[in-house]
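Comments concern the structure below.
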Amino acid sequence: MSLPDLDPNSSLTLRKAAMRDVNVMLELIAFWAKKGVMLPKTTDVMFTQIRDFYLLETQDGGIAGTVGLHVLWHDLGEVRSLAIHPNFQGQGLGRQLVLGVEAEARGLGIPRLFAWTLEPDFFVRCGYTLISIDELPPKVYKEYNKSAMMKAIGVA
Ligand SMILES: CC(C)(COP(=O)(O)OP(=O)(O)OC[C@H]1O[C@@H](n2cnc3c(N)ncnc32)[C@H](O)[C@@H]1OP(=O)(O)O)[C@@H](O)C(=O)NCCC(=O)NCCS
């Protein structure tokens, strides 16, 4: 699968996702899912969870990256479907998206975020710590082939 060849020097706008973005977000997620580094998303999940998602938009309307914040409980949220377009990797954008959903979670009064990932070292760079799956509440769907990374984000 190929992605649109976006200009890596484009200025970017961070905004909430909208329905018109779903196909391009799914393409970006599917690109990485085919490489085995994240799970694919389905259209129906994207439609019903569209309010969870943010994206970074290029000047030409391309999508340089996306991330979701899913609220699981009063004190726990999940960073989901973090994906950066290959032309934009290594520019600090993955961290920017994670910090963005942390800011929203903090505003909601959610003190902890976690992420399932095959890239635990990236999340360590963002201040997350590897935890045991047993530390997650029973309500959380367990992904045994991935690392669970947790961060206390400092809600007052
Ligand atoms: C993993 C991913 C989100 C990183 O995004 P990025 O924009 O390239 O990363 P950043 O530039 O924000 O990097 C932030 C820090 O993490 C480090 N880093 C980035 N990717 C890393 C990786 N795969 N492993 C370890 N460290 C990584 C960077 O060196 C940087 O370190 P610093 O603290 O010294 O500055 C991106 O490469 C991606 O979308 N990968 C494919 C999908 C995926 O794996 N999603 C995440 C898990 S579900």
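Key figures
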| quantity | calculated |
| --- | --- |
| Among the candidates LEU93, LEU118, LEU130, residue that is of a type outside the set (Val, Ile, Thr), touching a Ser or Thr at 6+ places or on another chain (Cβ under 8 Å) and near the ligand (Cβ under 9 Å from one of its atoms) | LEU118 |
| Residue pairs meeting the criteria (Cβ under 8 Å; at least 6 apart or on separate chains; first under 17 Å from GLY100 (Cα atoms), in the range 145-156; second of a type in the set (Lys, Arg) and assigned to a strand (DSSP E or B)) | MET150/ARG112; LYS151/ARG112; ALA152/ARG112; ILE153/ARG112 |
| Unique residue being closer than 25 Å to SER147 by Cα and surrounded by 20 or more Cβ atoms within 10 Å (Cβ to Cβ) when the list is LEU56, LEU28, LEU39, LEU76 | LEU28 |
| Hits in the range 31-44 (condition: part of a helix (DSSP H, G or I) and either in contact with a His (Cβ under 9 Å, 6 or more places away or on another chain) or within 18 Å of LEU56 (Cβ to Cβ) (or both)) | PHE31, TRP32 |
| Among the residues listed as GLY94, GLY61, GLY68, GLY154, the single one being more than 15 Å from the chain's Cα centre (by Cα) and under 30 Å from ASP5 (Cβ atoms) | GLY61 |
| Top-ranked residue in the range 15-42 [being within 14 Å of the ligand (Cβ to nearest atom) and over 15 Å from the mean Cα position of the chain (by Cα); ranked as modelled with the lowest pLDDT] | GLY36 |
| Flag if SER81 is in contact (Cβ under 8 Å) with a residue 40 or more places away in the chain and either away from the ligand (no atom under 12 Å from the Cβ) or not aromatic (Phe, Trp, Tyr) (or both) | yes |
| The range 23-45, residues that are out of contact with any strand residue (DSSP E or B) (no Cβ under 9 Å at 6 or more places or on another chain) and either charged (D, E, K, R) or at positive phi (or both) | LYS34, LYS35, GLY36, ASP44 |
| When residues of the range 43-52 are limited to those that are under 15 Å from the mean Cα position of the chain (by Cα) and under 11 Å from LEU26 (Cβ atoms), the one surrounded by the most Cβ atoms within 10 Å (Cβ to Cβ) | MET46 |
| Top-ranked residue of the range 1-13 - restricted to ones that are touching a helix residue (DSSP H, G or I) at 6+ places or on another chain (Cβ under 6 Å) and surrounded by fewer than 16 Cβ atoms within 10 Å (Cβ to Cβ), ranked as nearest to SER81 (Cα to Cα) | MET1 |
| Some residue of the range 145-155 being away from the ligand (no atom under 14 Å from the Cβ), under 26 Å from ALA18 (Cα atoms) and exposed (fewer than 14 other Cβ atoms within 10 Å of the Cβ) | no |
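The values are calculated or read from the model by the stated rules, or taken from the named source; none is laboratory data. Note that the structure is a prediction, hence the values are computed from the model and not measured. In this analysis, Cβ positions are derived from the backbone assuming ideal geometry, glycine residues included, and neighbour counts consider all displayed protein chains.
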